[in-house]
1. Within the bounds of the range 146-154, is there any residue that is of a type in the set (D, E, K, R), open to solvent by less than 30 Å² (accessible area, probe 1.4 Å) and under 30 Å from the mean Cα position of the chain (by Cα)?
2. Within the range 242-273, can you find the residues that are assigned to a loop (DSSP other than H, G, I, E, B), open to solvent by less than 30 Å² (accessible area, probe 1.4 Å) and either closer than 18 Å to residue 221 by Cβ or not hydrophobic (A, V, I, L, M, F, W, C) (or both)?
3. Residues to consider are 297, 328; find the one that is of a type in the set (D, E, K, R), surrounded by 19 or more Cβ atoms within 10 Å (Cβ to Cβ) and part of a strand (DSSP E or B).
4. Can you name the condition, by its number, that residue 319 falls short on among (1) under 30 Å from residue 189 (Cα atoms); (2) in contact with a Lys or Arg (Cβ under 6 Å, 6 or more places away or on another chain)?
5. Are there any pairs with C-beta distances below 6 angstrom linking a residue in the range 158-170 that is under 18 Å from residue 348 (Cβ atoms) to a residue that is part of a loop (DSSP other than H, G, I, E, B) and polar (S, T, N, Q), with the two at least 6 apart or on different chains, and if so which?
6. Hey, could you check the range 276-294 for residues that are open to solvent by 50 Å² or more (accessible area, probe 1.4 Å) and modelled with pLDDT under 95 and say which is nearest to residue 310 (Cα to Cα)?
7. Search the range 127-153 for residues that are farther than 16 Å from residue 346 by Cβ and touching a residue at least 24 places away in the same chain (Cβ under 8 Å) and pair each with any residue that is among the aromatic types (Phe, Trp, Tyr) and surrounded by 10 or more Cβ atoms within 10 Å (Cβ to Cβ) when their beta-carbon atoms are under 6 Å apart and the residues are at least 6 apart or on different chains.
Amino acid sequence: MQENHSQQKRSRKRRRRSENSILAGSILLCIITLTAVTICLVMVFQYRAVQQKNTAVMSELEAIRLKEEAAYNQAEVDAMVESAVKEAEERTSEEVSGAFLNRMKELMTSGGGTTEMLRTFFPDEVVLADAGQYYFFPILEDLAKNTYNPESFMADGDGVVHYYEEGERISRKGIDVSRYQDKIDWEKVADDEVDYAFVRLGIRGYTEGEILEDETFQTNIEGALKNDIDVGVYFFTQAMSEEEAEEEAEFVIESIAPYKVTYPVVIDVEAVTSANARSNDLSKEDRTKYCIAFCEKVKEAGYTPMIYGNLKTFMLLLDIEQLEEYDKWFAYYDEAYYFPYDFKIWQYTNKGKVSGIKGDVDLNVSFDAREYEEEDDD
């Protein structure tokens, strides 16, 4: 019995060793399997990350398919991503595709943003981003284009922009002012080589519609003229009819009658951010008619009419095709302007510094020092 007991004991030990061996093998196999699965998952996630990055780059470019509609919201842009990626994948030339994608990457990482990139890829269209939408406007061949040479703009040490032709400065330095500049020392302004000033004459209230004179108008126009600074005026419109636009023009004409105004009389056309502004629902067609009504009244009175606005003004709010005959004053705050059509004055910053004015002031450059002086001489 003792021998049998020993044999049973040895048998049990062998079984334990066998079971332990099997268990160890199973654990090792699980570890190997888990490691392999982990590596596979990492590779999948890395692949997906690369794919997502490529898709994001393409989505930034392909807000496009255009020609069908002028505007795209973000949801519509996102909906185009799949189609855009497929088109890129179907390119037959890897060299062309690689150069194209590299150019997109370069533009996206330069800090300019989506709009700047789209403008680079669509030089024959005016690209505008506003309120979450992208707009594409084909450049109209029948309209006069500006011919300014980008290399002829030079900023001095104070950030004042001048324009040169054949080494000669032909531009004039200008400002525009309103009650927001508070009290101005016009003698110091003149000493700072300011050639002309646009003085805000007034506004029409954007809720009640009352015409109001800017409380600093008389002080500013008299101070500028006293110090031999040429003067123009501007009026912020909120006209809701041709009659109201003519009323605004008549108010301006009567107000400037005692003064020597040689620079243009300007209608300021801008979108108002207030939700209850009376002009929020105006159509492009109506707003354009009212703008023309104002300008025609000004012209009849013997002054030069001009329209002030930014890119949104001239592309979204007004029908620029109907405004070809009127001078434009274009506001665009950057080192270079973005606008293909002709304009006479560029407002290039609202953060300018001028002696005699506390705080910031708008700075403007006009490109022909003789233009309005010649009109005055006539």
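1. No - not one qualifying residue is present in the range 146-154.
2. Across the range 242-273, the qualifying residues are 261, 262, 263, 264.
3. Matching residue, one of 297, 328: 328.
4. Single failed check for residue 319: (1).
5. Listed pairs, sorted by first residue: 162/171; 163/171.
6. Selected residue: 280.
7. Close Cβ pairs satisfying both conditions: 128/135; 134/72; 143/341.
Here's the yes/no breakdown for (1) in contact with an Asp or Glu (Cβ under 8 Å, 6 or more places away or on another chain); (2) modelled with pLDDT under 95:
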residue	(1), (2)
259	yes, no
262	yes, no
271	no, yes
274	no, yes
297	yes, no
300	no, no
319	yes, no
323	no, no
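The values are calculated or read from the model by the stated rules, or taken from the named source; none is laboratory data. Just so it is clear, the structure is predicted and the values come from calculations on it, not from any experiment. Note: ideal-geometry Cβ built from the backbone for every residue, glycine included; neighbour counts use all protein chains shown. Side chains included, ligands, DNA and RNA excluded: accessible areas come from the protein's heavy atoms. Shrake-Rupley method; radii C 1.70, N 1.55, O 1.52, S 1.80 Å.
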